[in-house]
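Input: a single structure, listed below in structure tokens.
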Amino acid sequence: MYDLIIIGMGISGISAAIYAKQAGLNVLMLEENAPGGTINKIAEITNYPGFSKITGPDLAMNLFDTITKLNIPYKLEPVTDVILEELKTIKTKNNVYQASNILIATGRTPVLLALPHVKEYLGRGISTCALCDGALYKNKDVALVGGGASALSEALYLSKIVHKIYLIHRRSEFRAEENLIEQVKHTKNIELILNNEITSLIIESNTFKGIKLKNKELLVSALFMYIGSKPNTSFLTNTALKLEDGYIITNEDGLTNIPGVYASGDCTKKEVYQIINAASEGALAAIKIAQNKTL
Ligand code: NAP
């Protein structure tokens, strides 16, 4: 029986765990994959205080170090079901845990283009992680689709490894900070292909060979997809938790429509999805849970 179970060991869940532990709460963390979450896939972070520049995996490792130094217990077990009554019950494949409060900080997963063969060729020419797969395409030509901050920052990362990047965006305007757009526009081996869409993949002899656009074909070694993400909340659809497009609705303290159920970070409905506010939302939720316990 815990005071707080945190689902998700990304920066939001870990920030919550630090504050919860230091407030004397009996806390447990549950994580499906590697501690660190989405930041494990970010090549370079340049807007997190205290670090003029840090790689995502290095920041993830620092976060994990903090958890171990504070002796915060965690289990690498995917959550399969939750029962959100006065006492919260969390089921994983082999265990059942109970807590008076839970914090859902499960983040998001990249969206894939809805085209034939995309899922089949993930890891074999199709990628959603430049940091993980970029080195496989050293000095090759690749394509990258998307027009948000992720697409642009990961295109800049790839530009230092590959020979050429075709950056394909369906509109003429990008959805990112001006300095990022300017850097991309001034990078010689990034060719912008705007107002265009990928219509199919070129597959020959069971090998990814390139892509077809509306008006041309491009022979490339890989296609990186940065077209947004969807929240990791499918395990909540049978609960009474209020969701919008899969995102969890919370108040300013991170409290959902169910007492004792909090959510923070990228799985929540909000305007700004940044590492810094994911961290602060987790911390705030833990502070509120600790305050409520002492009332
Ligand atoms: P995003 O901002 O939602 O951008 C997704 C992009 O993919 C948009 O340009 C969108 O086009 C395009 N797109 C969506 N569906 C598509 C489809 N079916 N075919 C082709 N293109 C498609 O996602 P994101 O770039 O992953 O960023 C997510 C959040 O993280 C944002 O809030 C962002 O600010 C934040 N972020 C911040 C930083 C940073 O601070 N440096 C870095 C990365 C991410 P349209 O524009 O036409 O809709």
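The values are calculated or read from the model by the stated rules, or taken from the named source; none is laboratory data. On a predicted model such as this, the values are computed, not experimentally measured, just so you know. Note that we place each Cβ from the backbone using ideal geometry, even for glycine, and neighbour counts take in every protein chain shown. Ligands, DNA and RNA are excluded from the accessible area calculation, which covers all protein heavy atoms including side chains. Shrake-Rupley method; radii C 1.70, N 1.55, O 1.52, S 1.80 Å.
Being within 16 Å of the ligand (Cβ to nearest atom), open to solvent by 20 Å² or more (accessible area, probe 1.4 Å) and not acidic (Asp, Glu) is a description that does not apply to residue 265.
Within segment 105-155, the residues that satisfy the criterion of being without any contact (Cβ under 8 Å) to a residue 24 or more places away in the chain and more than 9 Å from the ligand (Cβ to nearest atom) are 119, 120, 122, 123. Residues that are within 25 Å of residue 160 (Cβ to Cβ), surrounded by 13 or more Cβ atoms within 10 Å (Cβ to Cβ) and away from the ligand (no atom under 15 Å from the Cβ) within segment 176-217 comprise 187, 189, 190, 191, 208, 209, 210, listed in sequence order. Scanning segment 115-146 for residues that are assigned to a loop (DSSP other than H, G, I, E, B) and open to solvent by 10 Å² or more (accessible area, probe 1.4 Å) gives 115, 116, 117, 119, 120, 123, 124, 128, 138, 139, 140.
Just wondering, is there one or more residues in segment 93-102 that are modelled with pLDDT of 95 or more, in contact with a Pro (Cβ under 7 Å, 6 or more places away or on another chain) and open to solvent by less than 50 Å² (accessible area, probe 1.4 Å)? Checking segment 93-102: not a single residue is modelled with pLDDT of 95 or more, in contact with a Pro (Cβ under 7 Å, 6 or more places away or on another chain) and open to solvent by less than 50 Å² (accessible area, probe 1.4 Å). Note on segment 60-86: residues that are in contact (Cβ under 8 Å) with a residue 60 or more places away in the chain and surrounded by 15 or more Cβ atoms within 10 Å (Cβ to Cβ) amount to 4. Within segment 183-193, the presence of a residue that is in a strand (DSSP E or B), touching a Cys at 6+ places or on another chain (Cβ under 9 Å) and within 19 Å of residue 155 (Cβ to Cβ) is excluded. Do you know which of the residues in segment 160-175 that are within 12 Å of the ligand (Cβ to nearest atom) and in contact (Cβ under 8 Å) with a residue 24 or more places away in the chain is surrounded by the most Cβ atoms within 10 Å (Cβ to Cβ)? Looking at the filtered set, the residue picked out is 167.
Among the residues here, residue 280 does not qualify as open to solvent by less than 60 Å² (accessible area, probe 1.4 Å) and either outside any loop (DSSP other than H, G, I, E, B) or over 30 Å from residue 172 (Cα atoms) (or both). Residue 34 falls short on exactly one of the conditions (1) modelled with pLDDT under 95; (2) in a strand (DSSP E or B), and that condition is (2).
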